[in-house]
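The values are calculated or read from the model by the stated rules, or taken from the named source; none is laboratory data. Since we're looking at a predicted model, the values are computed, not measured. Cβ placement follows ideal geometry from the backbone for every residue including glycine, while neighbour counts extend to all protein chains displayed. Calculation scope for accessible area: heavy atoms of the full protein, side chains included, ligands and nucleic acids excluded. Shrake-Rupley method; radii C 1.70, N 1.55, O 1.52, S 1.80 Å.
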Amino acid sequence: MILYSWNVNGLRATAGKGFNEWLQSSGADVVGIQETKLQKDHEAGFSQVPGYTVNFLSSTVKKGYSGVGVYTRPAPLAVNAELPDPQFGGEGRLLHLEYPEFHFFNVYFPNGQMGQHRLDFKLAYYEAFLAHAQELRKHKPIVACGDFNTAHTELDLKNAKSNEKTSGFLPEERAWLDRFIAAGYVDTFRMFEPGGGHYTWWDYRFQARARNVGWRIDYFFVSEELRPKVARAWIADEVMGSDHCPVGLELAI
């Protein structure tokens, strides 16, 4: 089973840069996308991809903001939107698809750079997500992908020292990823690549991508029970069309 995650930073823009062609050539069974920036009445225009069905969730609190989608070949048993706590709803950040073998989460986690109130919201969202995943994990394993908006260690961004006080690399954000991993979730990319220099997001400014001055903030995590099923995990940094690139996961399921 091939899965991808990609923050497309505006599906309308990325669609004009070959998104459908990439999707159909990817061999993917499930693709989670984040930051679609679609309005509800625009979703239908992006639903027709041969071989796939799609579920979208758009923001209801701000137009052209956030939003997630999942393209899938195998039909899920169920599709759910957002976290159970309504205080985290409305921004279009989470789709949960249940499959026979696992629960699949596609999440666009909040960005904390707009001020302390958004950082607090981000950290609370992290905690609520972990609690929800742990509850569902009692019944079957978890696959969680998306833009986590935090680089975990100094290996996961080019300029660690200069970003120590920047949201996305703050101690409290990184500490939550430590707790997430300690709770039994595996950073699948790190199963295969222990070194640095591998990034998934580059600032559009300063030719950052050409210079590979980036951050690894897009992940595939699986709960520990699925570790033996992980065949490979990779960063598809050759794929253009967004300031992020896709990340992939193959499960022997």
> Taking the chain, how many lysine pairs are there with alpha carbons less than 29 Å apart, if each pair must be eight or more places apart or span two chains?
Replying inline: 23
>> Taking 8 Å as the Cα distance limit and 6 or more residues as the minimum spacing, I'd like the relative contact order of the chain as a percentage.
In response: 20
> Given the Cα-Cα distance of Val79 and Arg211 and 0.36 nm per residue of separation, how much length would full extension add, in nm?
Replying inline: 43.5 nm
> Roughly speaking, what is the stretch gain from Asn159 to Glu98, that is 0.36 nm per residue apart minus the C-alpha to C-alpha distance, in nm to one decimal?
Replying inline: 18.2 nm
> Tell me, what % of the accessible area of region 123-208 is carbon and sulfur with a 1.4 angstrom probe?
Replying inline: 56
> Which order, highest average first, do 57-63, 207-213, 183-189 follow once you tally other Cβ atoms within 10 Å for each residue and take the mean per peptide?
Replying inline: 183-189, 57-63, 207-213
> Tell me, what is a quarter of the convex hull surface for the C-alpha atoms of the chain, in nm² with one decimal?
Replying inline: 12.6
> With every protein chain left in place, what is the accessible area per residue of region 85-134 in square angstrom, probe 1.4 Å?
Replying inline: 36
> How large is ³J(HN,Hα) for each residue in region 122-130, as worked out from phi by the Karplus curve 6.51 cos²θ - 1.76 cosθ + 1.60 (θ = phi - 60°), to whole Hz, x for Gly and Pro?
Replying inline: 4, 5, 5, 4, 3, 5, 5, 5, 4
> What FRET efficiency comes out for the pair Ala231/Ile181, r = Cβ-Cβ distance, R0 = 30 Å, nearest 0.05?
Replying inline: 0.90
> Cα centroid distance between region 1-74 and region 180-205, in Å?
Replying inline: 22
>> Could you give the length gained by full extension between Glu135 and Asn20, i.e. 0.36 nm per residue of separation minus their alpha carbon distance, to one decimal place?
In response: 37.9 nm
